[in-house]
Every structure is written in C-alpha cells, then in structure tokens.
Amino acid sequence: MKYILLMSGTKAGVDGYHAWSKQDIETHMAVLRSINNELTASGEFVATQGLAGPQEAKVVRGEKNGLPVTDGIFPESKEFLLGYWVVDTATPERAYAIAARISTAPGPGGVPTNMPIEVRQFATYGAKA
Amino acid sequence: MKYILMMNTMKAGQGVPDWPQKDLQAHIAFMMKLNQDLREAGELDSAEGLSFPNQARLVRAGKNGVPVTDGIFPESKEFLAGFWIVDVDTPERAYAIAARVSAAPGSGGVPLNMPVEVRPVMSGPPPEMS
C-alpha cells in the first residue's frame, strides 16, 4: 500500500529553521538522507520532494474565461507543505514507524524536532497518472 | 522547472461528494483527460489522489522513538486532496494548468473554481543545507 508522509509547517517555523546553525542543519539533513537510503535498501522508497518556500507559492483559480488568476497572499497562520515522502509498505503501522523516524530528525543542538507528520494512504480510485 | 499543483479541501469533505453519479463521472473524466493531455505534452511528472481525511493520522515520535498516532485535527485544517507534479518551461504555464484543474466540473457540471496552490519543487536541498 502506498502512503504519503506530509511534513508541514508555518512561515514562522520556516523562518526559525533558517536561523539554525550550519552544523545543526547539516546533522538534520544527514539523518533525512540516511532514512532515504534505508528506505531505498528495504524497497519501500517511492519518492520524496522538498518544496520551495511559501514566499514562492501562488494560489490559482480558473476565471470564467479559463484564465489563471494568481494570488500570493496567505494568512500568517497557514500551514504549508514543506516536503513529503511516498513509501510503499505492507502495513499502515510500518508507515507510522517511518513517520516517527522522520519526526525524530534532530533540530537545534541535536534535540529531536518531534514534528508532526501527517500520514495518508493514496486513493485507489479516480484519475491516476 | 518542476512545479507541484496542490488541491486542498476542508475537513468537511470526509467522503465522495454528494453529487449525482453523472456529475461525478464527468469530474473524473475531466481529470483523466487533463492527465492524458499533460502526459502527451511531456509535462506530467506524477499525479496522485489521496484518501479521505478520516483515514489521516498525525504521527510523532515518542521518547523511545515509538510512533504516537493521533487522528484529531482542528476543524479549520485544510487537507491535501491530491496533487500533480508538472515539468514546464515557465511558471505561467504551471498557472495555466492549475487554472484548468480549478475549472473541473462539479455538481451540475458547474466549474468548481477551487483554489490550487502552485509551488516550485526543489531539485535538492538549498546549498546551505546540503
């Protein structure tokens, strides 16, 4: 079964992350890379992406004539998707365990961030690529 | 450049919309045609729909690294319903595709005009983080 692990944060959280020391950021990224390597080795890795910051986000609606209308104004409290992993696991519990590992990635001073990770199963109906 | 197009819904959407079957079929057919057009144009990287919010879990690591799951979300939370990753030459092209997604037909065939969030996908961690 395919699950998506969504890592979200607010603009304030992203600004805080950019204030981490270089060493803390390197340690954090090294742990995430190591998780990706392990998932690849176990055959559970499907995809991962990091997204550009909220300042580059636009909200688009189709107008009556079908032309895009973009809007880059977001409330401060809005949660933004920072990045995601897609994993293919035998059970939901295994997907939760992987999410917990990501949640323990170290933050400033090596202390686990314990950030919440939203876990969702892919729909098996509807339009597929 | 790669862009992600994200379709969000509020928690109220806990299941298949209460639309006539014909309208649901028209909506799905619209999305399948869109994906086919993007694939033929060489612009489609991937597209996925997600299960409904009632199957979502929020996971944190407990002290011993054991997952702690929680299915309680605030009423105001937006949920990702699905996404497309497209590989296009300009941001304007990504916005045009998002506008097409936005105009997908809803109940009675009326365009939903739902908001679609468009963000560049990073090709790797920013230089200072790698």
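Since every read-out is calculated from the coordinates, none of them should be taken as a lab result. All figures in this text were calculated on a predicted structure; none of them were measured in a lab. Virtual Cβ from ideal backbone geometry, glycine too; neighbours counted across all protein chains shown.
Per DSSP H run of at least 4 residues, take -39500 (n - 2.57); add these up for chain B, divide by its residues and hand me the 222 nm value, nearest 500 deg cm²/dmol.
Taking each H run of at least 4 residues, the total per residue is -8000 deg cm²/dmol.
Where in the range A:14-114 are there trypsin sites (Lys or Arg not before Pro) that are in a DSSP coil and have at most 11 other Cβ atoms within 10 angstrom of their Cβ?
The qualifying sites are A:K64.
When the Karplus curve 6.51 cos²θ - 1.76 cosθ + 1.60 is applied with θ = phi - 60°, which whole-Hz ³J(HN,Hα) does each residue of the range A:69-78 get, with x for Gly and Pro?
Karplus-based 3J(HN,Hα) across the range A:69-78 equals 10, 9, 8, x, 9, 10, x, 4, 7, 5 Hz.
Of A:Q55, A:M29, A:L39, which is farthest towards the positive pole of the range A:12-83's charge dipole, taken about the Cα centre with +1 and -1 on the beta-carbons of Lys, Arg and Asp, Glu respectively?
With unit charges placed on the Cβ atoms, the residue in question is A:Q55.
Test of understanding: in a Gaussian network model of chain B with alpha carbons linked when under 10 Å, which of B:R93, B:R57, B:R39 would top the mean-square fluctuation ranking?
B:R57
Return the loop-located chymotrypsin sites (Phe, Trp or Tyr not before Pro) in the range A:22-129 (DSSP other than H, G, I, E, B) with at most 16 other Cβ atoms within 10 Å of their own Cβ; answer none if there are none.
A:Y125
Excluding residues on the same chain fewer than 8 positions from A:K58, give the lysines whose Cα lies under 18 Å from its Cα.
A:K11, A:K78, B:K2
Sum -39500 (n - 2.57) across every DSSP H segment of at least 4 residues in chain A, then divide by the residue count to get the 222 nm mean residue ellipticity, nearest 500.
-10000 deg cm²/dmol
Hey, got the average number of other protein chain Cβ atoms within 10 angstrom for residues in A:64-70?
Partner-chain Cβ atoms within 10 Å, mean over residues of A:64-70: 6.
Of B:G71, B:S102, B:N113, which is farthest along the charge dipole of the protein assembly as shown in the positive direction, counting Lys and Arg as +1 and Asp and Glu as -1 at C-beta?
So the residue furthest toward the plus end is B:G71.
Can you compute 3J(HN,Hα) from phi for each residue in the range A:105-113, using the Karplus curve 6.51 cos²θ - 1.76 cosθ + 1.60 with θ = phi - 60°, rounded to whole Hz and x for Gly and Pro?
3, x, x, x, x, x, 6, x, 6
Relative contact order for chain A: what percent, with Cα pairs under 8 Å and sequence separation of 6 or more?
45 percent
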